[in-house]
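Notes follow once the structure below has been shown.
The values are calculated or read from the model by the stated rules, or taken from the named source; none is laboratory data. Bear in mind the structure is a predicted one, so any value in this text is a computation, not a measurement. Glycine gets a Cβ as well: all are built from the backbone with ideal geometry, and neighbour counts include every protein chain shown. Accessible surface areas use protein heavy atoms only, side chains included; no ligands, DNA or RNA. Shrake-Rupley method; radii C 1.70, N 1.55, O 1.52, S 1.80 Å.
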Amino acid sequence: MIWSEHSVKSHWVRAEAAYALGKHKLLPISIDQSEPPLQFMQIQTIDFRYWDRTSNHHAFQQLAGALAKRLEASAASTAQPRSLSHTLAALSADAVEHPAKTRLEAWIAAAGLRFPETVVEKEYQDYFCEKTFIIAQFAMLLAAATYLVYGAADMAMESGGVLSTRFRFMIALPLMATFFALSFKVFARRHSQAFIIALGVVAMACTYINVYLIAAESPFRIDNGNATMNAMLMLGFLALLPLSVGSTIVLGSIIVAVHAGVVMEAGMFLWTSWLFYLHVSSMFTVACCIAYWRERFYRTAFAAEFGWRVAGVF
């Protein structure tokens, strides 16, 4: 692996290096003053900045020696391969020690939602953020615009509530605008999934607070669809947010559970108002399907750019 001013900035070079690192086969050299990416700093890098293009130079000799050791180790392992029973025993011991984790990771990988190598998975997360974070920023703007439009609609209607309008303009709208402003900070991209989840939680809290305020001040009460409409709107935003499938399922389940609690508190049980529950459950299913196929698409695109067929999943 040759680190240079250009290669350290290349997402694809980093991903290929991460793949090699995951296979314990990475041998890096540097040809200028640039430092390797953070995850490769712990790997000893051979300094080729002052190489004189001869085989007698110490950098070339160091590289040749490192390659020779690897070839010797490879030849030794080929000459004395581990027995099949020993290999199976080691794998079985690991599976017995962490059976639930092993099965879960196998299922996730089989569904095409995870790369087997941790370092490659980390590079994919960076790739996914790079490709989709602008969608999250658009969702934040859309959420702010939605509160603005609904607040203006409340003011235009005689039945509009004062408290709900104030809440939208003074709390919910500034919160969404704050998230949008913070999205341009480095930490927001570095921890994109956590940042987007925080946005979803805050937006969900604002939505259900607004549900109670509207129900208390206007004819649009919980028992005639107030909570259900807002829950479906939230699930629509959830489908738009570029979250992983797991995060989508968790956040969506919370929205569905809170909706059920709100409507049951209003005396609307499943056997009397099943249509409301059906609408929300259907929208939740749609959001999960969108999240699944979106993640599959980006993982397949990520793997295809390298010609990888990781674990036969892609």
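Only one of the listed residues (Arg190, Arg221, Arg168) is closer than 19 Å to Ser244 by Cβ and at pLDDT below 90. That residue is Arg190. Note on the stretch 14-40: among residues that are within 21 Å of the chain's Cα centre (by Cα) and open to solvent by less than 80 Å² (accessible area, probe 1.4 Å), the one that is nearest to Ser74 (Cα to Cα) is Gly22.
Going by the conditions given, is Glu130 more than 17 Å from Leu233 (Cβ to Cβ) and either among the basic types (Lys, Arg) or open to solvent by 70 Å² or more (accessible area, probe 1.4 Å) (or both)? Taking the combined requirement at face value, the residue satisfies it.
Selection over the stretch 109-126 of residues that are buried (at least 16 other Cβ atoms within 10 Å of the Cβ) and either among the aromatic types (Phe, Trp, Tyr) or assigned to a loop (DSSP other than H, G, I, E, B) (or both) gives a count of 6.
Checked against the criterion of being loosely packed, with under 15 Cβ neighbours inside 10 Å, in contact (Cβ under 8 Å) with a residue 40 or more places away in the chain and under 19 Å from Ala143 (Cα atoms), the candidates Gly236, Gly267 yield just one match: Gly236.
Of the residues making up the stretch 161-195, those that are crowded, with 18+ Cβ neighbours inside 10 Å and among the small types (Gly, Ala, Ser) are Gly161, Ser164, Ala172, Ser183, Ala188, Ser192. Considering (1) touching a helix residue (DSSP H, G or I) at 6+ places or on another chain (Cβ under 7 Å); (2) of a type in the set (Ser, Thr, Tyr); (3) under 28 Å from Cys288 (Cβ atoms), the lone condition that Ser164 does not fulfil carries the number (3). Listed by first and then second residue, the pairs linking a residue in the stretch 107-135 that is closer than 17 Å to Ala194 by Cα and modelled with pLDDT under 85 to a residue that is of a type in the set (Lys, Arg) and outside any helix (DSSP H, G or I), with Cβ atoms under 9 Å apart and 6 or more places separating them unless they lie on different chains, are Glu121/Arg114. Kindly indicate whether Val258 is over 23 Å from the mean Cα position of the chain (by Cα) and at pLDDT 90 or above. Considered against the rule, which asks whether it is over 23 Å from the mean Cα position of the chain (by Cα) and at pLDDT 90 or above, Val258 comes out as yes. If I ask for residues that are modelled with pLDDT under 75, assigned to a helix (DSSP H, G or I) and not aliphatic (A, V, I, L, M), which ones from the stretch 263-314 would you list? Matches in the stretch 263-314: Gly312 only. Where in the stretch 135-216 are there helices (runs of 4 or more DSSP H), lying fully within it, with 2 or more residues that are out of contact with any strand residue (DSSP E or B) (no Cβ under 6 Å at 6 or more places or on another chain) and more than 28 Å from Ile249 (Cα to Cα)? So the answer is 162-167.
Scanning the stretch 41-72 for residues that are open to solvent by less than 80 Å² (accessible area, probe 1.4 Å), assigned to a loop (DSSP other than H, G, I, E, B) and either under 15 Å from Ile2 (Cα atoms) or touching a Cys at 6+ places or on another chain (Cβ under 7 Å) (or both) yields Ile43, Thr45, Phe48, Trp51.
The single condition among (1) closer than 30 Å to Phe220 by Cα; (2) open to solvent by 40 Å² or more (accessible area, probe 1.4 Å) that Tyr147 does not satisfy is (2).
Of all the residues in the stretch 196-215, those that are of a type in the set (Gly, Ala, Ser), open to solvent by less than 20 Å² (accessible area, probe 1.4 Å) and either over 30 Å from Gln125 (Cα atoms) or touching a residue at least 60 places away in the same chain (Cβ under 8 Å) (or both) number 1.
Being in contact with a helix residue (DSSP H, G or I) (Cβ under 9 Å, 6 or more places away or on another chain), among the polar types (S, T, N, Q), over 14 Å from Ala136 (Cα atoms) and open to solvent by 40 Å² or more (accessible area, probe 1.4 Å) holds for only one residue in Ser218, Ser253, and it is Ser253.
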